[in-house]
Amino acid sequence: MKLKTTNPLRIIIFDDNYNMRESIELLLSTTENMLLVAGFESCKNLLSDIEQTKPDVIIMDIDMPQMTGIEAVKKIRSINTEIPILMLTGFEDDDKVFNSLCAGANGYILKNAKMESLIHYIEDVHGGGAPMTPIIARKVLNQFAKIQPEQHVKEEY
């Protein structure tokens, strides 16, 4: 599915792994209608980096120096609730998943997912979806299954 836009989607990535940033840049350079505007190894200048690059989608790692990706998402959401943020990380533990989603991330993808799938995840999150790799979706569904519905007290009339 190709995007129907005249301007390419402007994407930035925050990831301290140089090879990951380079791989994503290479992938996006071969993809019509997507452009990696910038890659940052930390969130040190998070808000000014976003202001200068004006991205349509942010890809965010979790484990980075100076500020975690979860803290970065909270900071972004304090000033901008619209820009889609896609977590791309190696962490699949419940705390990281739910803290990321509660902070305001729009999707959660594991780095071991097929790189070609990243294009679809970016399109999905930009289109308003909430992409998740299957193992993460299962974790979210399992958490919802644990929630007990409210026991409504039958009112006496």
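The values are calculated or read from the model by the stated rules, or taken from the named source; none is laboratory data. The shown structure was predicted, so the numbers you read here are calculated from the model rather than taken from an experiment. Cβ placement follows ideal geometry from the backbone for every residue including glycine, while neighbour counts extend to all protein chains displayed. What goes into the accessible areas is simple: the full protein's heavy atoms, side chains included, and nothing from ligands, DNA or RNA. Shrake-Rupley method; radii C 1.70, N 1.55, O 1.52, S 1.80 Å.
Here are the numbers for this structure:
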read-out: Within the chain, longest stretch free of exposed trypsin sites (Lys or Arg not before Pro) [DSSP loop, at most 10 other beta carbons within 10 Å]; value: 5-113
read-out: Within the accessible area of the stretch 8-157 (1.4 Å probe), percent carbon and sulfur; value: 50 percent
read-out: Cross-link pairs beyond the 26 Å C-alpha cut-off, checked among K114/K146; K54/K75; K114/K139; value: K114/K146
read-out: For Y108, residues with placed amide H under 5 Å, excluding near neighbours; value: M87, M132, T133
read-out: Nearest-20 debye value, the chain charge dipole, Cβ charges on Lys, Arg, Asp, Glu; value: 200 debye
read-out: Additional length obtainable on full extension of the chain from L27 to K54, 0.36 nm per residue less Cα span; value: 7.7 nm
read-out: Residue-by-residue Karplus 3J(HN,Hα) for the stretch 97-108, coefficients 6.51, -1.76, 1.60, Hz, glycine and proline x; value: 4, 6, 5, 5, 5, 5, 6, x, 5, 9, x, 9
read-out: Efficiency of FRET from Cβ geometry, H120 and N17, R₀ 30 Å, rounded to 0.05; value: 0.90
read-out: Whole-Hz ³J(HN,Hα) from phi, Karplus 6.51 cos²θ - 1.76 cosθ + 1.60, for the stretch 64-76, glycine and proline x; value: 9, x, 6, 7, 6, x, 5, 5, 5, 4, 4, 5, 4
read-out: Three principal axis lengths of the chain [C-alpha, angstrom, descending]; value: 65, 37, 29
read-out: Sparse-neighbour loop sites [GluC sites (Glu not before Pro); the stretch 1-92; at most 11 other C-beta within 10 Å; DSSP]; value: E32, E82
read-out: Per residue accessible area in Å² of the chain, where ligands, DNA and RNA are left out and the probe is 1.4 Å; value: 60 Å²
read-out: 5 angstrom amide H check on S42, placed H, neighbours 5+ away; value: D15
